[in-house]
Structure formats: structure tokens, C-alpha cells
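Student: Structure in C-alpha cells, see below.
The values are calculated or read from the model by the stated rules, or taken from the named source; none is laboratory data. Quantities reported herein were computed from a predicted structural model and do not represent experimental measurements. As a convention, Cβ positions derive from the backbone with ideal geometry for all residues, glycine included, and neighbour counts pool all protein chains shown. To get the accessible areas, we keep the full protein, side chains included, count just its heavy atoms, and leave off ligands, DNA and RNA. Shrake-Rupley method; radii C 1.70, N 1.55, O 1.52, S 1.80 Å.
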2 protein chains.
Amino acid sequence: MSDASPTAAVLIIGDEILSGRTADTNLNTIARFLSALGIDLMEARTVGDRPRQLIEALNALRATHDYVFTTGGIGPTHDDITADCVAEAFGVALPEHPDAVAILERRYGDQFNAARRRMARVPEGGTLIANPVTDAPGFQIGNVFVMAGVPKIMQAMLEDVAPRLRTGAIVHARTLKVVGVGEGEVAAPLAELAQAHRNLSFGSYPFGHGTVGEMGTNLVVRGRDAQAVQAAADALITTLGERGINVTLV
Amino acid sequence: MSDASPTAAVLIIGDEILSGRTADTNLNTIARFLSALGIDLMEARTVGDRPRQLIEALNALRATHDYVFTTGGIGPTHDDITADCVAEAFGVALPEHPDAVAILERRYGDQFNAARRRMARVPEGGTLIANPVTDAPGFQIGNVFVMAGVPKIMQAMLEDVAPRLRTGAIVHARTLKVVGVGEGEVAAPLAELAQAHRNLSFGSYPFGHGTVGEMGTNLVVRGRDAQAVQAAADALITTLGERGINVTLV
């Protein structure tokens, strides 16, 4: 489902995600953000606070996709290595950005120490991403957007990033819910429709497994042509109805 | 923090994660599961229902890590392509596994149709992973463990996987909480300690940003030598105390 729509990747950075200490929620936030802009999120990677791994992942992703969004590792402590790694990946210096210095001086006053100065460093050629929550900015360099890991700050940074992105045609989705019917019973008609409509995607997601409540399957038709999505959803309802399966539009 | 402990990677499979429809929770479950076994989770990737991408990611990960855990894409519908892709990645056939056929026949009786038969296919040389929730098994081939995407089923499958894994020395962690103190104030002493203890990892995680409640920083010392972790945590408490910063052990 790519058409000429922009593609994107997400790079989640931080030992705390891989150790299980922290459950990432940023990927889902970014995924929904990009969906709304018609940008196709193609893949995501999670890496630890290890420079080689981070640089290799970033270089692989930025070469392959129109946009890369990173989260995490831009604070003041020694384990915040994202800016250093991004500069190295791009082969540029990492000077203090005067606007970032001004923002942080304003926030911290006489507590603007050496550790906090680290947060003013931006790879040469980069521009700031505003942080209305705690001021310390993220930055954009080339097609890479470097954002905080704290979800509230990351979400606020996305607002500043949005106007910089080329958008694509929105992906339309219709969800059909079949209650009391397993995936195995709808698989054949679903596959037939998928075969016949190569420009649409058809997903099947069971729910209620092994619980006492209702079980069934959600069927999702997605595509950039709203009329085609609607027509395929209608066809699915019809063909399931012919097999005695009742469908609810969600 | 690798020592001779086994390493692992996670591969999350499914368009629904990348579209934002579903928020993945399996990565955190697996991360905590592996931590408890002393296995180092080194990276995670999320890919869509695209064979080339899935096969490339799987081959990259299984060549680099002791274990790979995949979630998603093993149901009965056309978009469940994981078994096909794993077989192709390993260069082996994908026959029906007799034990899987027996399990599914028992479950579905005369409703064991062609779509459901797809769930009995296991790459040649693979062994089954039990699914006590909905019966349809996952499988292991080589160092790759292929599990369901539905969290409840994935969690149950991990129970069957655990005894097959070589474990490592447990990673011990101490968390120190400093209230009312930002990361920038603890960064210098933390960096000094990190410099002095290369066999430990020191993480810094701010909390309460921009909220009306308390704000502060959690400092986490991690390592396989419990005494060294304890000693470093004590040293951190002392050095912060000398700077007038009070620490709570969490």
C-alpha cells in the first residue's frame, strides 16, 4: 500500500525498553500520527544505549525511508548518546546550537550546568524541534527527527514536526465484526477478496480468545481509495451473509 | 553487559502494529521474561506483512543473536505469512506437522477446514510450541521461536519455551529515587560512577515532567554482580548526599 505516499521508520532508543523496565508507548503514538497524515510506517527498531548499534540502525533506516523518527536518549546524562550518534551517522560535528543554548539558559538560569549544556548540542545543519513541556529541544537533521523518550514530551514534539512532513493520501479503513465466528471460518472468502483487490489490504484479528466473554473476529479492509474500500467491505458482508455469517459494521 | 550470557532479539510481525490499530504489548512481556532468565535482549524489530522484509529481518537477527522470538502472523488467514517466511528464510519445506494436525483435528472436528489446516504447517525440522489457550501451536526451528501475536496466547507459549533456553546470570538492579531533583543535577556524579564501574550500567529516568505532582529522577544501577551493584548504589547515595540530595531506595 505504498503508491507515491511517503514512507517512514521509527527507531526507539534505550536500554530501559530492552530490559523490560519501561514499556514503550511511543511507537503506537507515532504510528497513529503517521496514519492520519497518510504516511506509511514501514518498520520500527528498538536498540539499546550502544553507539555502534544505534548508528548502524539509523543509517540503514534513513537510507531506506523518506522519514525516520527517533525517540529517547537526548537528556543530560551520560547514557544519553543519541545526539552524538546521529552526528556520527551523518559525519558532521556536534556544536552547541545558539538557539538551544538560549532556550536552556532561560529555563535553568544559574543552574545551567555542564550536563544540561549537553542538551544544547545539535548536529551541524540541524534545526530545533520545540519542546513546550520541559524546553530542552529535539532536532531535525535531513530526514531524521530526533525526539525525547518521555511520551508527553514526544507527543508535544510531534506537533512541531507535523508541518514539516510531506503528507500522502489518507488510508481509509472499514472494520467488520463477526461475533461467535473464528478466523478459520472467514479465511476462505477473505482470501478470495484479497486476491481480487490487490490495491487493498485485508486484515483479520481474532478477539476474546479463551475468555468467558464473546469471541469472534474483526476484519479490516484498508486502502487509499475510499470507494474501493467501501465496495470491498460491502462485498465481504454479502459473501459472509451467503454463508450464514452475520456482520456488524464497527 | 553481555559476559557469556545468551543474547536475544524480538521480531514483531503485523501490519496492525505499524498502522497504529494495535499497540504492541508483547515486546515488554518478552523483555521481562528474558530479564528473569538472565538473557540479554539486544534489539527488537517490527515489520509488516511483507515477505521480503520479514525474511530479511529474520535472517539478520538469527545470524546475530543466540535466540530470536517472533510474534504474530501464524493464524489461518491469507495475511498470516510467518510460517511461509520462516521456512523460506531457513531454506526448508513447510509440510504439515502430524502432531499439529492431530491437535487441530481434535479441536475443530468436522470444522477442520483448509484455512485451519494452514496452522498445522511447520518448517521441516521444527518442533511445536504448545498453545494451551486455543491449541493451534507455535513452533521452534533452530534458534527461532515462532509465537502467536495475541498476548494471552504468546504469554502461554513462553511457558513452553522457557525450559528450552540456556539461561545466564541474572541482572541485579537497584533503583534510587531522587524527588524534586532533575536529571541535570545528578548527571555529573552519575557519569563519574559509570566511568569507574564499567561492568555496571547506570540509567537515569526522569518522571513527573510538566505535571502538578512530584517530579524527580529515578537512577538505576544494573549488573550481574549483586555485591558490585549494591556497592555502587551505596556510593551513589553517599555522593548525592554530599551534594545535599536525598535519595530514597525504591
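Student: Test of understanding: among B:142, B:125, which residue is surrounded by fewer than 16 Cβ atoms within 10 Å (Cβ to Cβ), touching a Lys or Arg at 6+ places or on another chain (Cβ under 8 Å), more than 17 Å from residue B:73 (Cα to Cα) and more than 14 Å from chain A (Cβ to nearest Cβ)?
Tutor: Just a single option satisfies the conditions, and that option is B:142.
Student: Can I ask one more? What is the number of the single condition among (1) without any contact (Cβ under 8 Å) to a residue 60 or more places away in the chain; (2) open to solvent by less than 40 Å² (accessible area, probe 1.4 Å); (3) of a type outside the set (Phe, Trp, Tyr); (4) more than 7 Å from chain B (Cβ to nearest Cβ) that residue A:64 does not meet?
Tutor: (2)
Student: Further question on the same structure: Can you name the condition, by its number, that residue B:20 falls short on among (1) in a loop (DSSP other than H, G, I, E, B); (2) open to solvent by 30 Å² or more (accessible area, probe 1.4 Å)?
Tutor: (2)
Student: Of the residues in segment B:93-122, how many are in contact (Cβ under 8 Å) with a residue 24 or more places away in the chain, of a type outside the set (Lys, Arg) and either farther than 25 Å from residue B:44 by Cα or within 14 Å of chain A (Cβ to nearest Cβ) (or both)?
Tutor: Qualifying residue count, segment B:93-122: 12.
Student: While we're looking at this one, here's another question. May I ask you to verify whether residue A:112 is aromatic (Phe, Trp, Tyr), assigned by TED's automatic domain parsing to the domain that holds residue A:149 and in contact with a Gly (Cβ under 9 Å, 6 or more places away or on another chain)?
Tutor: Criteria met by residue A:112.
Student: Further question on the same structure: Is at least one residue of segment A:213-223 open to solvent by less than 50 Å² (accessible area, probe 1.4 Å), under 27 Å from residue B:150 (Cβ atoms) and touching an Asp or Glu at 6+ places or on another chain (Cβ under 6 Å)?
Tutor: yes
Student: Right, here's the next one. Are any of the residues in segment A:210-217 closer than 22 Å to residue A:28 by Cα and not basic (Lys, Arg)? Before the answer, list the steps.
Tutor: Of segment A:210-217, the ones closer than 22 Å to residue A:28 by Cα are A:217.
Those still in the list that are not basic (Lys, Arg) too: A:217.
Yes, the conditions are met somewhere in segment A:210-217.
Student: Would you point out the residue of segment B:17-57, among those that are of a type in the set (D, E, K, R) and within 20 Å of residue B:156 (Cβ to Cβ), that is farthest from the other protein chains (Cβ to nearest Cβ)? Break it down into steps so the answer makes sense when it comes.
Tutor: Here is the first cut: in segment B:17-57, the ones of a type in the set (D, E, K, R) are B:21, B:24, B:32, B:40, B:43, B:45, B:49-50, B:52, B:56.
Going one step further and asking which of them are within 20 Å of residue B:156 (Cβ to Cβ), we end up with B:24, B:32.
Details: B:24: 7, B:32: 4 Å.
Taking the candidates together, the pick is B:24.
Student: Being closer than 22 Å to residue A:136 by Cβ, surrounded by fewer than 20 Cβ atoms within 10 Å (Cβ to Cβ) and facing another protein chain (nearest Cβ under 10 Å): is that true of residue A:77 here?
Tutor: It is false that residue A:77 is closer than 22 Å to residue A:136 by Cβ, surrounded by fewer than 20 Cβ atoms within 10 Å (Cβ to Cβ) and facing another protein chain (nearest Cβ under 10 Å).
Student: Moving to a separate point now. Can you pull out the strands (runs of 3 or more DSSP E) entirely within segment A:108-184 that have at least 2 residues that are at pLDDT 95 or above and either of a type in the set (Phe, Trp, Tyr) or more than 30 Å from residue A:202 (Cβ to Cβ) (or both)?
Tutor: A:127-129, A:138-141, A:144-147
Student: Return yes when residue B:86 is touching a residue at least 24 places away in the same chain (Cβ under 8 Å) and either within 17 Å of residue A:201 (Cα to Cα) or assigned to a helix (DSSP H, G or I) (or both) and no when it is not.
Tutor: Yes, satisfied.
Student: For segment B:200-211, state whether one or more residues are more than 9 Å from chain A (Cβ to nearest Cβ), surrounded by fewer than 20 Cβ atoms within 10 Å (Cβ to Cβ) and in contact (Cβ under 8 Å) with a residue 24 or more places away in the chain.
Tutor: no
Student: Something else: Identify, by number, the condition in (1) touching a strand residue (DSSP E or B) at 6+ places or on another chain (Cβ under 7 Å); (2) part of a helix (DSSP H, G or I); (3) open to solvent by 10 Å² or more (accessible area, probe 1.4 Å) that residue B:42 doesn't meet.
Tutor: (2)
Student: Let me ask something else. Within segment B:69-83, how many residues turn out to be in a loop (DSSP other than H, G, I, E, B) and over 23 Å from residue A:197 (Cβ atoms)?
Tutor: Residues meeting the conditions: 1.
Student: Here is a check on your reading of the model: is residue B:28 free of Cβ contacts under 8 Å to residues at least 24 places away in the same chain and more than 26 Å from residue B:104 (Cα to Cα)?
Tutor: Yes: the conditions hold for residue B:28.
Student: Anything in segment B:224-245 that is assigned to a loop (DSSP other than H, G, I, E, B), open to solvent by 70 Å² or more (accessible area, probe 1.4 Å) and over 20 Å from residue A:76 (Cβ atoms)? List them, or say none.
Tutor: Of segment B:224-245, the ones assigned to a loop (DSSP other than H, G, I, E, B) are B:224-225, B:243-245.
Then drop every residue that is not open to solvent by 70 Å² or more (accessible area, probe 1.4 Å), which leaves B:225, B:243.
Of everything in segment B:224-245, just one residue is assigned to a loop (DSSP other than H, G, I, E, B), open to solvent by 70 Å² or more (accessible area, probe 1.4 Å) and over 20 Å from residue A:76 (Cβ atoms), namely B:225.
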